[in-house]
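The values are calculated or read from the model by the stated rules, or taken from the named source; none is laboratory data. Keep in mind that this is a model prediction, so the values were computed, not measured. Note that we place each Cβ from the backbone using ideal geometry, even for glycine, and neighbour counts take in every protein chain shown. Note: accessible area is taken over every heavy atom of the protein model, side chains too, but ligands, DNA and RNA are not part of it. Shrake-Rupley method; radii C 1.70, N 1.55, O 1.52, S 1.80 Å.
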Amino acid sequence: MDDYSQISFWFDSLEDTRAEINELPDSVDVAIIGGGFTGLWTAYYLKTKSPDLRIGVFEAETVGFGASGRNGGWCMGSANGMERLLYSKKTRQEGIRLQKVLHDTVDEIGRICQAENIDCHFAKGGTLYVAGTPEVARRHQDWVKFLQGIGFPEDEYCWLDADESSKRIRLSRNHGAFYTTHCATIHPARLVRGLATVVRNMGVKIIEKCPVFAYQTDELLTGRGKVTAEKIIRATEGYTDSIQRERRRLLPLYSMVIATEPMSEDKWQEIGLAKRETFDDGRRVVIYGQRTLDNRLVFGGRAGYYFGSKRKSVISPDDLAVQVVERQVRELVPALNDVEITHGWGGLMGVPRHWRPCVSYDETSRTGWAGGYTGEGVGASNLAGRMMSDLVLGEKTDLTTLPWVDDHARRWEPEPIRWFGVKAIEFFGDRADKVEARGGISRFWGSLFDLFVG
Ligand SMILES: Cc1cc2nc3c(=O)[nH]c(=O)nc-3n(C[C@H](O)[C@H](O)[C@H](O)COP(=O)(O)OP(=O)(O)OC[C@H]3O[C@@H](n4cnc5c(N)ncnc54)[C@H](O)[C@@H]3O)c2cc1C
């Protein structure tokens, strides 16, 4: 690809989206495969702690080409799999510890952006998890009570009744909202490209247009030749099966996104989101929205899987799945009736078989990997980068004992079982959402969905 401006609204709004073609080094101390948030945060913390390390980031396209340059821009103080850790009495204390570290992660990203002059439009307005149905309202209220019951303060997690919630955001269905302060809105492409500039200035070599086909202890095989590396980290998320022997580790699941034209202040008075809060409406087939600094609404929804883990570099705005997201947002936010949608795109999330992140480094093979965020990796990847840097440097810290370390999942099933499995999960989630949208309680479809997604 030459023109990266088409991969997302975020890239289209950047001044320079070109790839830098650098000379391939013969050898590095640490090779990182993938120039997204995970790879770059790992490089950032490694270089901060050990400035003499020779680090190379090998990126198949350009920095931010993957999910990091296409996402919904929610920098969350949480991650997939937290409910399971917190609900179980056995893992609760570790879950609380991880949750608190994730809360601090949002502030850590804000701090670094300020210290390193990364202007990524960071605004910590929190999230409104609006209840689109009475059943979702019940679940959200239970969750808030549960969190408060295990010690999280009311000013960080609270329930807003329908009146209060509707003052914050006007959606077609609003049965109240669970509000948390632990989320910031960001411009993801500015963050990932800004971070790349920072690590380049620290001396990290970023080699773009350089796919890695295979690796083993001490050596990478790239599209431009071999590189010797003392340590190797894989940070390839939804693209992981592009690497030999790593197939079926992470399922590439699509999420589609649209952006509206910039809207007037009057229009935003109608919609709400005065603090640039992010929002969703509690359906299982997740949707997400944010108000950008230039007053657009960016809105996305999870959208599915292609047979054989097929990947597309660019998703066109005319794609049917993007149009579904457009219909959803127009139905959910009535004030958009006369507003133009200017951009539509899609991107790949990486989903492990157990649906939660993993950070792992093996001292014997001197290789490691981090990812599996299942669409919740903007904040989580910073924490993963910090954990990985400690593991690579052999440091035992509070982070290297957190629950994500070495939490490997088994591989996904071969086709066609994989395809049928994912389609079944989508079907269960969709049926459960539909039953609840009609005011019912979906015990059957909801339980089947939860069984597979955890
Ligand atoms: C549409 C969408 C919306 C999302 N919204 C949110 C959100 O609002 N909040 C949130 O927390 N999370 C969100 N996510 C998830 C989040 O964006 C990701 O979890 C996060 O960006 C993952 O970062 P990463 O660096 O691990 O992976 P990526 O950003 O995908 O980076 C992987 C990189 O590796 C490169 N690569 C892959 N294979 C190779 C290879 N063989 N050789 C060399 N390079 C390779 C790719 O080109 C890519 O640049 C969303 C994801 C998508 C797709």
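For this structure, a couple of remarks:
- Subset of the stretch 176-215 that is farther than 18 Å from ALA60 by Cα and open to solvent by 30 Å² or more (accessible area, probe 1.4 Å) - its residue that is nearest to the chain's Cα centre (by Cα): ARG190
- GLN114 open to solvent by 10 Å² or more (accessible area, probe 1.4 Å), without any contact (Cβ under 8 Å) to a residue 40 or more places away in the chain and either within 16 Å of the ligand (Cβ to nearest atom) or under 21 Å from ASP398 (Cα atoms) (or both): no
- Residue check, ASP390 acidic (Asp, Glu) and not in a loop (DSSP other than H, G, I, E, B): yes
- Residue list for the stretch 396-424, restricted to those being farther than 27 Å from GLU94 by Cβ and touching a residue at least 12 places away in the same chain (Cβ under 8 Å): GLU413, PRO414, GLU415, PRO416, ARG418, TRP419, GLY421, VAL422, LYS423, ALA424
- Test: residue in the stretch 309-329 that is surrounded by 20 or more Cβ atoms within 10 Å (Cβ to Cβ), in a strand (DSSP E or B) and under 20 Å from the mean Cα position of the chain (by Cα): no
- Residue match in the stretch 376-385 (condition: part of a loop (DSSP other than H, G, I, E, B) and out of contact with any helix residue (DSSP H, G or I) (no Cβ under 8 Å at 6 or more places or on another chain)): yes
- Tally of residues being in contact with a helix residue (DSSP H, G or I) (Cβ under 9 Å, 6 or more places away or on another chain) and without any contact (Cβ under 8 Å) to a residue 60 or more places away in the chain across the stretch 317-337: 3
- Subset of the stretch 307-316 [in contact (Cβ under 8 Å) with a residue 40 or more places away in the chain and either under 10 Å from GLY344 (Cα atoms) or in contact with a strand residue (DSSP E or B) (Cβ under 6 Å, 6 or more places away or on another chain) (or both)]: SER309, ARG311, ILE315
- Scanning the stretch 330-354 for residues that are within 14 Å of the ligand (Cβ to nearest atom) and either open to solvent by 30 Å² or more (accessible area, probe 1.4 Å) or more than 14 Å from TRP404 (Cα to Cα) (or both) turns up HIS343, GLY344, TRP345, GLY346, GLY347, LEU348, MET349, GLY350, VAL351.
- Failed item in (1) without any contact (Cβ under 8 Å) to a residue 12 or more places away in the chain; (2) away from the ligand (no atom under 16 Å from the Cβ), with ASP161 passing the rest: (1)
- Screening LEU383, LEU393 for residues that are open to solvent by 40 Å² or more (accessible area, probe 1.4 Å), in the same structural domain as LYS47 (by TED's automatic domain parsing) and either near the ligand (Cβ under 10 Å from one of its atoms) or more than 24 Å from SER13 (Cα to Cα) (or both) leaves exactly one candidate, LEU393.
- Of the strands (runs of 3 or more DSSP E) lying entirely inside the stretch 207-305, those carrying at least 1 residues that are among the polar types (S, T, N, Q) and within 13 Å of the ligand (Cβ to nearest atom) are 219-222, 251-260, 278-280, 287-291.
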